[in-house]
Amino acid sequence: DVKVTQSSRYLVKRTGEKVFLECVQDMDHENMFWYRQDPGLGLRLIYFSYDVKMKEKGDIPEGYSVSREKKERFSLILESASTNQTSMYLCASSLVAGVAGTYEQYFGPGTRLTVT
Amino acid sequence: AQSVTQLGSHVSVSEGALVLLRCNYSSSVPPYLFWYVQYPNQGLQLLLKYTSAATLVKGINGFEAEFKKSETSFHLTKPSAHMSDAAEYFCAVSDINTGTASKLTFGTGTRLQVTL
């Protein structure tokens, strides 16, 4: 069964702290994604990675960085957390789009981050 | 850039009534389209996907969606709502020209309420 896991379901951090959100997938997927979800705004892509050590900025990368040292693991880093980064963070993974078409993304359960 | 519009941030139906959730996309070429469902405090789960095969797509839990190119729409329907269908629903579109990454653009979501 397909599985994407995230290190924490709920996290509370203080302004200025460095925050690490971890995501692991067990499906040998090439692509991994980080989104943030806010009410009324849907899901917005922060960063994605299509291979180990490869990354590309999404729509809202400011204030975030990522790391992908192993194929199964994709980390989101908030270098200096701010209150406007309070949000739900969702990780997803997918196969590379092949001849058969784009493959769907599989999502983890999410991490609800509160920055105080 | 791709975009997705979901009309109605909240939809309320009675149990047993027809469910209709609207999704319109903008794309210069026929895209791949997805509907996801999110239950409270969970990640997103794929309901169904359109990948240029049949225009009427059947998904899980009795949902289906019809791709209409002339209307650039991909509305989600279910003939008879059940209380367990109460959740948030997201429409997403994939750009087939994104190279190796299967990036999705999500709509802002529609929260479905089912009443007795």
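The values are calculated or read from the model by the stated rules, or taken from the named source; none is laboratory data. All of these numbers come straight from a predicted model, not from anything done at the bench. FYI the Cβ positions are ideal-geometry reconstructions off the backbone, even for glycines, and counts take in every protein chain you see.
Under 8 Å between Cβ atoms, at least 6 apart or on separate chains: pull out the pairs that start in segment A:80-101 with a residue that is closer than 23 Å to B:Gln38 by Cβ and end on any residue that is of a type in the set (Phe, Trp, Tyr) and at pLDDT below 95.
A:Ala92/A:Tyr106; A:Ser93/A:Tyr106; A:Ser94/A:Tyr103; A:Ser94/A:Tyr106; A:Leu95/A:Tyr103
So if I check each of B:Val4, B:Val93, B:Val19, which one is touching a Cys at 6+ places or on another chain (Cβ under 8 Å), aliphatic (A, V, I, L, M) and touching a residue at least 12 places away in the same chain (Cβ under 8 Å)?
Working: B:Val93 fails: touching a Cys at 6+ places or on another chain (Cβ under 8 Å); B:Val19 fails: touching a Cys at 6+ places or on another chain (Cβ under 8 Å).
None of the other options fit; the residue is B:Val4.
From the list A:Arg9, A:Arg36, A:Arg73, A:Arg44, exactly one residue is among the basic types (Lys, Arg), closer than 21 Å to A:Gln105 by Cβ and touching a Ser or Thr at 6+ places or on another chain (Cβ under 6 Å). Which is it?
Residue meeting the stated conditions: A:Arg36.
Among the listed residues A:Gly40, A:Gly63, which satisfies the condition of being loosely packed, with under 13 Cβ neighbours inside 10 Å and on the phi > 0 side of the Ramachandran plot?
Working: A:Gly63 fails: loosely packed, with under 13 Cβ neighbours inside 10 Å.
One residue alone meets the criteria, A:Gly40.
What's the number of the condition A:Asp59 fails, among (1) at pLDDT 95 or above; (2) assigned to a loop (DSSP other than H, G, I, E, B); (3) of a type in the set (D, E, K, R)?
(1)
Take B:Asn61 and tell me if it is polar (S, T, N, Q) and closer than 30 Å to A:Val96 by Cβ.
Criteria met by B:Asn61.
Out of all the residues in segment B:90-110, is one or more in contact with an Asp or Glu (Cβ under 6 Å, 6 or more places away or on another chain) and surrounded by 13 or more Cβ atoms within 10 Å (Cβ to Cβ)?
The answer is yes; a qualifying residue exists.
In segment B:3-116, which strands (runs of 3 or more DSSP E) lie fully inside it and hold 1 or more residues that are among the basic types (Lys, Arg)?
B:44-50, B:56-58, B:64-68, B:73-78, B:110-115
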